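Student: Following this message is one structure expressed as structure tokens.
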Amino acid sequence: MANNGPNWDGLLKWSLSHSDGASSSRLLSEEDRKWFMEAMQGHTTDSISRMKQISQIMKMPEQVLESQGVTSDDLEGMLDELQEHVESIDLANDLHSIGGLVPLLSYLKNSNAKIRAKSADVLTTVVQNNPRSQQLVMEANGFEPLLTNFIADPDIRVRTKALGAISSLIRHNQPGITAFRLANGYAGLRDALVSDTTRFQRKALNLIHYLLQESNSDCKIVRDLGFARIMIHLASNQDLEVREFALRGLLELAREESERNLDRADVNLRQLLEERTRRIIAMSDEDLCAAREERELVDILWTVCYDEPSCLRERGLVYLPCDDEMAPDVIRDRFEPPLRAWAARRHDEMNEPPVPLLLGPAQ
């Protein structure tokens, strides 16, 4: 914090005089005044109270915060703390009711790139496998600033974090997926794929794979935008995860043979698979174990495209002794925390129609 830290007393006075966002003459009850003084001085540890405090600070104009000695590092630390609280799905859903969601969304437009990136990071935690918070963010028009940051922000870290938040926001969220299509989100994904930032590419490829799994009709969009050529190039990337995600995308395109979303006669595709096969054959035992998913994807893609066994299968390199244990689900383990995944499944189960009770004939 700058100097001896922010002037919390000054912030308190400002907040008390602007507490309703419109009038400076509103009188707070003694109970509210006492709560806010304690919260600002850090004397309370209750999560809701801390989230209320942070929400009040986020509502303050940047110039007011600056005048009281609050730096961007202070705000990042505050957002880090908020993110820890909203890891609880209940507290994530409480964020809107205590008045913290809208201020958090406003931070997506903050003048500081670090704050824009961090606010998107917090939103990712809020909406991840959380249908209720996904709905609240959509209703609060949170999709629009996220999309703007993803497509147009000059800072690549902000764009990457915004894409991560969008990915979590629209998963298992049909209105979100529809909004993404209508906003030409696929054009943004194409730009992400041709960037030189590996993390950005990974997130884009992962979302593409998810969207293609959700709707076969999106394969035509991807085909028309030239994604196949880009993914063929990325499938030989030095980064293992980029290669695997690119191969996953190509496989989704290849499965729909009737639509010809992937040109199986494309010489570049064949050269790619031949090259990956040669590199896999030359791998050490350790690298072969690490590339289990890549081996399987290359084998399946070759079989689907050319209707014959791959060289990897003929050499016994698709499944190895080190593959005896079930391979982890790379996508789910990486992007879906277990608690949130359970909560999402629980939500779906609770919304399923009840199974009718079948009674036998009376005796």
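To keep it simple, each residue is scored yes or no on (1) without any contact (Cβ under 8 Å) to a residue 12 or more places away in the chain; (2) surrounded by 20 or more Cβ atoms within 10 Å (Cβ to Cβ); (3) part of a loop (DSSP other than H, G, I, E, B); (4) not assigned by the TED database to the domain that holds GLU144.
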{"site": "MET60", "(1), (2), (3), (4)": "no, no, yes, no"}
{"site": "GLY77", "(1), (2), (3), (4)": "yes, no, no, no"}
{"site": "GLU81", "(1), (2), (3), (4)": "no, no, no, no"}
{"site": "LEU91", "(1), (2), (3), (4)": "no, no, no, no"}
{"site": "LYS114", "(1), (2), (3), (4)": "no, no, no, no"}
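Student: Follow-up. Got a sec? Which of GLN135, GLN201 is among the polar types (S, T, N, Q), farther than 30 Å from ASP73 by Cα and not in a loop (DSSP other than H, G, I, E, B)?
Tutor: Residue meeting the stated conditions: GLN135.
Student: Please give the number of the condition ARG279 fails out of (1) within 29 Å of ALA140 (Cβ to Cβ); (2) over 22 Å from the mean Cα position of the chain (by Cα).
Tutor: With (1) within 29 Å of ALA140 (Cβ to Cβ); (2) over 22 Å from the mean Cα position of the chain (by Cα) applied to ARG279, the lone miss is (1).
Student: List the number of the failed condition for ILE280; all other conditions in (1) open to solvent by 10 Å² or more (accessible area, probe 1.4 Å); (2) free of Cβ contacts under 8 Å to residues at least 40 places away in the same chain hold.
Tutor: If we test ILE280 against (1) open to solvent by 10 Å² or more (accessible area, probe 1.4 Å); (2) free of Cβ contacts under 8 Å to residues at least 40 places away in the same chain, just (1) comes out false.
Student: Of the residues ASP191, ASP155, ASP224, only one is more than 21 Å from GLY249 (Cα to Cα) and surrounded by fewer than 17 Cβ atoms within 10 Å (Cβ to Cβ); which?
Tutor: ASP155
Student: Right, ASN141: part of a loop (DSSP other than H, G, I, E, B) and modelled with pLDDT of 95 or more or not?
Tutor: Spelling it out, ASN141 is indeed part of a loop (DSSP other than H, G, I, E, B) and modelled with pLDDT of 95 or more.
Student: Turning to a different aspect of this structure: For the stretch 231-278, which positions are of a type in the set (S, T, N, Q) and outside any helix (DSSP H, G or I)?
Tutor: SER236, ASN237, GLN238, ASN261
Student: Turning to a different aspect of this structure: What residue, among those in the stretch 287-330 that are over 31 Å from the mean Cα position of the chain (by Cα) and open to solvent by 80 Å² or more (accessible area, probe 1.4 Å), is modelled with the lowest pLDDT?
Tutor: In this case the residue turns out to be ASP324.
Student: A further question follows. Given the conditions (1) under 22 Å from SER217 (Cβ atoms); (2) among the basic types (Lys, Arg); (3) open to solvent by 50 Å² or more (accessible area, probe 1.4 Å), and given that ARG171 satisfies all but one, which numbered condition is not satisfied?
Tutor: Checking ARG171 against (1) under 22 Å from SER217 (Cβ atoms); (2) among the basic types (Lys, Arg); (3) open to solvent by 50 Å² or more (accessible area, probe 1.4 Å), the one that fails is (3).
Student: Which residue out of ARG202, ARG270 is under 30 Å from LEU320 (Cβ atoms), open to solvent by 40 Å² or more (accessible area, probe 1.4 Å) and in contact (Cβ under 8 Å) with a residue 40 or more places away in the chain?
Tutor: ARG202
Student: Within the stretch 41-58, which residues are open to solvent by 30 Å² or more (accessible area, probe 1.4 Å) and either outside any helix (DSSP H, G or I) or at pLDDT 95 or above (or both)?
Tutor: GLN41, GLY42, HIS43, THR45, ASP46 - these are the residues of the stretch 41-58 that are open to solvent by 30 Å² or more (accessible area, probe 1.4 Å) and either outside any helix (DSSP H, G or I) or at pLDDT 95 or above (or both).
The values are calculated or read from the model by the stated rules, or taken from the named source; none is laboratory data. All figures in this text were calculated on a predicted structure; none of them were measured in a lab. Here Cβ is always computed from backbone atoms with ideal geometry, including for glycine, and neighbour counts include all displayed protein chains. Areas reflect the complete protein model, heavy atoms only, side chains present, ligands, DNA and RNA absent. Shrake-Rupley method; radii C 1.70, N 1.55, O 1.52, S 1.80 Å.
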